Amino acid sequence: MPEMNIIQAINDCLRVEMQRDSRVVVLGEDVGNFGGVFRATVGLQQEFGPDRCMDTPLAENGIVGAAIGMALYGLRPVAEIQFADYVYPAFDQIVNELAKMRYRSGGEYSAPVVIRMPAGGGVRGGHYHSQSPEAVFIHTPGLQVVYPSTPADTKGLLASAIRGEDPVIFLEPKRLYRTAKGEVPAGDYTVPIGQARVVRRAAARSERSLTILAWGGMVPTALEAADKAAGMGYDIELIDLRTLLPFDIETIVQSVHKTGRAVIVHEAPRTCGFGAELAASIQERALLHLEAPILRVTGFDTPFPYTLESEYLPDRDRILDALEKVTTG
Amino acid sequence: MADGKASSKVGSGQLTCDSVEIWSDEDYARATGLVQILDENGHADPARLPHLPSEKLIRLYQGMLGSRLLDEQLMPLQRQGRIGHYFEARGQEAGFIAGAEAIEKTDYFVQGLREGAAAVYRGLPLGKYLAQILGTAHDASRGRQMPCHVGAAAIHHISTSSCVASQIPHAVGIAWAAKIRKEPTVALGFFGDGATSEDDFHAGLNFAAVYQAPVVFVCQNNQWAISTPVAAQTRSETLAVKGLAYAVPSLRVDGNDVLAMYATIKAAVDAARAGHGPTFIEAVTYRLGAHSSADDPARYRDGHEDAIWQKRDPLLRFGRWLAERNILDSTAQAAARARITDAIRAAIAAEEAVGPPPTASLFEDVFARPTWLLEEQKAGLRNSG
Ligand SMILES: Cc1ncc(C[n+]2csc(CCOP(=O)(O)OP(=O)(O)O)c2C)c(N)n1
């Protein structure tokens, strides 16, 4: 199996999917001749031509709006928004048009558009190159939301998103674009939407057993904390959710039944973040299995900062603090 | 049109663009003039008549009349509480019925707020149309949208979404996709004068021009966006001139002249299909009714304006011309009115008897297959019948 980073995995996936299905087209700002500011679409225009990989004018509402029209006509557009922070000009098109096309037409029309966007902090990007907006899209009925953390999952989930029947918001942890490396199956490869991945297993319930839920850029951080904690006698199950909507409730609840504790880690602001939904869903199903309150380790309820970004982002030590809290009752 | 024209200085390093002609005096004249074939008194210039056989002319008249009669019956229904809201098209019928006539079955009609009756003209059964307005179980979207949001895949009609101008990039995307697929499809997109201030209008025109997408934009300039007159919407000389900056051929047309609207849209559609890219048509018309059933225009406009436009009524004008030419005399017009009125009345009665969709249908069509979350919420309905 070839080793790739996430950028290479995206590029490989797009190439495979464009070869498989002539309806798949890529569009966005600077994605064509140049290959994208993060180089995710390098070589696609050269290989498939300017009618399959299209540089667009600088207008996110135009990109998403036109992609919706293309999908209505039967194409499978994969739109790139250069940074998740710049998706807001397209917010209306996503929330009010894309997400509702199937519902409002009673299934007569659908808009299977995939919108890829680099998200999250850790790249010294300040407010406008760092935000992690998953919660706003999860809160919009009609959208699937995917947020992988490894090259293989990125390829497999992106392929599933492109082949699926419904729109997908595909968030890519930009800080891991080149640092996360791993083996990626060559050629045709999919990972089903809606299934979490257990990164690390706990043995059994004990006084120091617990489940950590994380996704995107927080997965390596959570793993680092889990590894460290293991050396301190903790028994940790780490789950990478991978798909946020629909999230894999079974895997989550099974794990919490086993460990009796849950810590949720996300880099987006805390209040009304996706962690809140997970905590509510867990307690609805597993309250009586819980040994301790569910804790969240998250970004703060502030705009994303520049100089103090590593103070803002959850890190190993903040996660370790939470582990200690839920195990000392 | 501007394909080669506008690009000559791109990347040349020159600071001036004095020799690049984006639009000519004629282009400007078209965007500020007014195409009219049939005047207010019902007189037409025989030399400029579009080539339409009598039965097509009669069909156009009946289509406009049908839309008018739907408004006349459905507005009172709203007043009686039998439908939630209603949006009239009175006074604006010429533009969208002409548009519906000018495109092919395989083309896409992407409507703004008031062009729903075009779907009936293009073959949507009247009952289906009313099912949407009444929100019954027969409605394709199962009563999920407020009235006047009809769509129908079978006739390539896309419903309005309420969000002003959002449909404009969709029309462009459809046309662009057809061009990519090398299929001869054209998209015809409607919107109002207010929509020309929205980002989606500008992105839409720009994308259409950049990709030379086979799309025809029709702006129904009915003079008002709710209470905002077009003069407060823009300082532009006309709405059509906005298209020129994007190098989209743009024309201003008498929107109450069905013959001019047909001829103009047809020519634009033919050009788009032949690979000549988009056209922007500003149809100068007037909203004779209120903005919606919840609006009272007496609060912001006077009867004087209304009286002027009543005389320019597209239906009166066309009816007069058809009668004078002995294509459809006044007796036949009255008979058509009676026949369509009865058909609408009967269809309303039949559809009202259908009743609402089942509650569980709420959870369908969010996704191709429902998520566990939707299944769980559906199973939790108190009365899941
Ligand atoms: C994005 C958006 N903003 C505001 C509204 C509320 N609204 C509904 S119709 C309308 C005026 C639209 O005017 P115009 O585009 O001229 O179309 P008309 O109603 O005259 O047909 C407004 C402001 C809306 N539906 N969508």
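Filter the range B:189-206 down to residues that are under 14 Å from residue B:171 (Cα atoms) and assigned to a strand (DSSP E or B) and give me whichever is nearest to the ligand (Cβ to nearest atom).
The residue in question is B:191.
Sort out which residues of the range A:229-249 are part of a helix (DSSP H, G or I) and touching a strand residue (DSSP E or B) at 6+ places or on another chain (Cβ under 8 Å), and write them in order of number.
Of everything in the range A:229-249, those that are part of a helix (DSSP H, G or I) and touching a strand residue (DSSP E or B) at 6+ places or on another chain (Cβ under 8 Å) turn out to be A:229, A:230.
Taking the options B:180, B:174, B:158, name whichever one is touching an Asp or Glu at 6+ places or on another chain (Cβ under 7 Å), hydrophobic (A, V, I, L, M, F, W, C) and within 25 Å of residue A:25 (Cα to Cα).
Only one candidate passes the filter, namely B:180.
Between a residue in the range B:215-228 that is more than 14 Å from chain A (Cβ to nearest Cβ) and under 23 Å from residue B:263 (Cα atoms) and any residue that is near the ligand (Cβ under 9 Å from one of its atoms) and small (Gly, Ala, Ser), which pairs come within a Cβ distance under 8 Å, given they are 6 or more apart or on different chains?
If the second residue must be near the ligand (Cβ under 9 Å from one of its atoms) and small (Gly, Ala, Ser), the pairs left are B:219/B:192; B:219/B:195; B:220/B:112; B:220/B:192; B:221/B:192; B:222/B:192.
Within the range B:229-256, track down each residue that is within 14 Å of another protein chain (Cβ to nearest Cβ) and either in a loop (DSSP other than H, G, I, E, B) or within 16 Å of the ligand (Cβ to nearest atom) (or both).
Hits for the range B:229-256 are B:246, B:247, B:248.
When the range A:126-155 is examined, which residues are found to be out of contact with any Gly (no Cβ under 9 Å at 6 or more places or on another chain), at pLDDT 95 or above and assigned to a loop (DSSP other than H, G, I, E, B)?
The answer is A:133, A:139, A:140, A:141, A:142, A:143.
Which ones in the range B:231-272 are closer than 16 Å to residue B:39 by Cβ and small (Gly, Ala, Ser)?
Correct list: B:255, B:260, B:263.
Each row is one residue, and each column tells you yes or no for (1) within 14 Å of chain A (Cβ to nearest Cβ); (2) open to solvent by less than 50 Å² (accessible area, probe 1.4 Å).
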residue	(1), (2)
B:292	no, yes
B:318	no, yes
B:365	yes, yes
B:375	yes, no
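Mind listing whichever residues of the range A:137-160 are of a type in the set (A, V, I, L, M), more than 12 Å from the chain's Cα centre (by Cα) and closer than 17 Å to residue A:117 by Cβ?
Of everything in the range A:137-160, just one residue is of a type in the set (A, V, I, L, M), more than 12 Å from the chain's Cα centre (by Cα) and closer than 17 Å to residue A:117 by Cβ, namely A:143.
Select from the range A:3-18 the residues that are closer than 13 Å to residue A:189 by Cβ and either at pLDDT below 95 or part of a strand (DSSP E or B) (or both) and list them in ascending order.
A:4
Got a sec? Which of B:283, B:290 is aliphatic (A, V, I, L, M), under 22 Å from the mean Cα position of the chain (by Cα) and assigned to a loop (DSSP other than H, G, I, E, B)?
After ruling out the rest, the residue left standing is B:290.
For the range A:48-58, indicate whether the set of residues that are of a type in the set (Val, Ile, Thr), within 11 Å of chain B (Cβ to nearest Cβ) and touching a residue at least 12 places away in the same chain (Cβ under 8 Å) is non-empty.
Yes.
Can you go through A:52, A:23, A:15 and tell me which one is within 18 Å of residue A:163 (Cα to Cα), touching a Gly at 6+ places or on another chain (Cβ under 7 Å) and surrounded by fewer than 21 Cβ atoms within 10 Å (Cβ to Cβ)?
Exactly one residue qualifies, and that residue is A:23.
Just one of B:85, B:51, B:43 is surrounded by fewer than 16 Cβ atoms within 10 Å (Cβ to Cβ) and within 16 Å of the ligand (Cβ to nearest atom); which is it?
B:85
Of (1) part of a helix (DSSP H, G or I); (2) in contact with a strand residue (DSSP E or B) (Cβ under 9 Å, 6 or more places away or on another chain); (3) more than 30 Å from residue B:36 (Cα to Cα), residue B:321 satisfies all except one. Which?
Among (1) part of a helix (DSSP H, G or I); (2) in contact with a strand residue (DSSP E or B) (Cβ under 9 Å, 6 or more places away or on another chain); (3) more than 30 Å from residue B:36 (Cα to Cα), the lone unmet condition for residue B:321 is (3).
Please determine whether any residue of the range B:113-130 is touching a residue at least 40 places away in the same chain (Cβ under 8 Å) and touching a Lys or Arg at 6+ places or on another chain (Cβ under 7 Å).
Scanning the range B:113-130 turns up no residue that is touching a residue at least 40 places away in the same chain (Cβ under 8 Å) and touching a Lys or Arg at 6+ places or on another chain (Cβ under 7 Å).
Name the residues in the range A:59-89 that are assigned to a helix (DSSP H, G or I), more than 11 Å from every other protein chain (Cβ to nearest Cβ) and either of a type in the set (A, V, I, L, M) or more than 22 Å from the chain's Cα centre (by Cα) (or both), would you?
A:84
Just to be sure I understand the filter: pairs with C-beta atoms under 8 Å, separated by 6 or more residues or on different chains, first member in the range A:310-329 and aromatic (Phe, Trp, Tyr), second member open to solvent by 20 Å² or more (accessible area, probe 1.4 Å). Which pairs pass?
From residues that are aromatic (Phe, Trp, Tyr), the pairs are A:312/A:300; A:312/A:302; A:312/A:305.
Mind telling me which of the residues B:299, B:320, B:345, B:312 ends up being within 16 Å of the ligand (Cβ to nearest atom), at negative phi and in contact (Cβ under 8 Å) with a residue 24 or more places away in the chain?
B:299
Please go through the range B:262-290 and give me each residue that is open to solvent by 10 Å² or more (accessible area, probe 1.4 Å) and more than 16 Å from the ligand (Cβ to nearest atom), ordered by number.
Scanning the range B:262-290 gives B:262, B:263, B:264, B:266, B:267, B:270, B:271, B:273, B:274, B:275, B:276, B:279.
Which numbered condition in (1) more than 14 Å from every other protein chain (Cβ to nearest Cβ); (2) assigned to a helix (DSSP H, G or I); (3) open to solvent by less than 20 Å² (accessible area, probe 1.4 Å) is the only one that residue A:252 fails?
All conditions pass for residue A:252, except number (1).
Determine the pairs where a residue that is at positive phi, located within the range A:206-226, has a partner that is of a type in the set (Phe, Trp, Tyr) with Cβ atoms under 9 Å apart, the partner being 6 or more residues away or on another chain.
Final answer for the pair search is A:216/A:147.
For the range B:171-187, how many residues meet the condition of being buried (at least 24 other Cβ atoms within 10 Å of the Cβ) and more than 16 Å from the ligand (Cβ to nearest atom)?
Number of matching residues: 9.
For the range B:207-224, what are the residues that are within 12 Å of the ligand (Cβ to nearest atom) and outside any strand (DSSP E or B)?
B:222, B:223 - these are the residues of the range B:207-224 that are within 12 Å of the ligand (Cβ to nearest atom) and outside any strand (DSSP E or B).
Just one of the numbered conditions (1) farther than 25 Å from residue B:178 by Cα; (2) buried (at least 17 other Cβ atoms within 10 Å of the Cβ) is not true of residue A:61; which one?
It is condition (1) that residue A:61 fails.
Looking only at residues that are more than 23 Å from residue A:273 (Cα to Cα) and touching a residue at least 24 places away in the same chain (Cβ under 8 Å) in the range A:101-136, which one is nearest to the chain's Cα centre (by Cα)?
Per the criteria, the residue is A:113.
Restricting to the range A:297-315, give me the number of residues that are within 20 Å of the chain's Cα centre (by Cα) and within 14 Å of residue A:221 (Cα to Cα).
Result for the range A:297-315: 7.
From A:262, A:279, A:230, A:286, which residue is buried (at least 24 other Cβ atoms within 10 Å of the Cβ) and more than 26 Å from residue A:160 (Cα to Cα)?
A:262
Helices (runs of 4 or more DSSP H) wholly in the range B:87-147 with at least 3 residues that are within 14 Å of another protein chain (Cβ to nearest Cβ) - which ones?
B:126-134
The values are calculated or read from the model by the stated rules, or taken from the named source; none is laboratory data. The model shown is predicted, which means the values in this text are computed figures rather than measured ones. Backbone-built Cβ (ideal geometry, glycine too); neighbour counts: all protein chains shown. Ligands, DNA and RNA are excluded from the accessible area calculation, which covers all protein heavy atoms including side chains. Shrake-Rupley method; radii C 1.70, N 1.55, O 1.52, S 1.80 Å.
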